[in-house]
Amino acid sequence: MITVTEKAIGEVKRLMTAEGPESKSGLRVGVKGGGCSGLSYVLDFVKEARPDDKMLEFDGIRVFIDPKSAIYLRGTQLDFSDGLNGTGFNFVNPNAQRTCGCGSSFSM
């Protein structure tokens, strides 16, 4: 399905703690229409899974993916960068045929 790097896991844990982990159950990773390349990645903390979600766990962090997004995210790696070229989550998606300059949207 997807993989999450240790740096991304660490950042998710840090953000969940800052936002109050008792109110969040996990991280939703998804895809929605929009962005300069046609599809955009979505990351959001959620309280609970939806009935049809796929659930993965990485070092205690639950990741929820809806079935439609799972098609676009198969084989994707979620990473986190805090270097000179910018800070944020990065998606390395082998299915993307084209990506935008900011890396937050893609097309297939």
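The values are calculated or read from the model by the stated rules, or taken from the named source; none is laboratory data. Note that the coordinates shown come from a computational prediction; the quantities given were computed from them, not determined experimentally. Glycine gets a Cβ as well: all are built from the backbone with ideal geometry, and neighbour counts include every protein chain shown.
Filtering the range 1-48 to residues that are of a type in the set (Ser, Thr, Tyr), surrounded by 14 or more Cβ atoms within 10 Å (Cβ to Cβ) and at pLDDT below 85 leaves only 37.
Screening the candidates 67, 51 for the property of being in contact with an Asp or Glu (Cβ under 6 Å, 6 or more places away or on another chain) and loosely packed, with under 14 Cβ neighbours inside 10 Å yields one hit, 67.
When residue 77 is tested against (1) part of a strand (DSSP E or B); (2) surrounded by fewer than 12 Cβ atoms within 10 Å (Cβ to Cβ); (3) at pLDDT 95 or above; (4) not aromatic (Phe, Trp, Tyr), just one condition goes unmet, and that condition is (2). The set of residues in the range 18-59 that are farther than 18 Å from residue 88 by Cβ and part of a helix (DSSP H, G or I) comprises 21, 22, 23.
For residue 56, the requirement of being in contact with a strand residue (DSSP E or B) (Cβ under 6 Å, 6 or more places away or on another chain), buried (at least 16 other Cβ atoms within 10 Å of the Cβ) and without any contact (Cβ under 8 Å) to a residue 60 or more places away in the chain is met. Filtering the range 49-60 to residues that are closer than 17 Å to residue 3 by Cα and modelled with pLDDT of 95 or more leaves 53, 54, 55, 56, 57, 58, 59.
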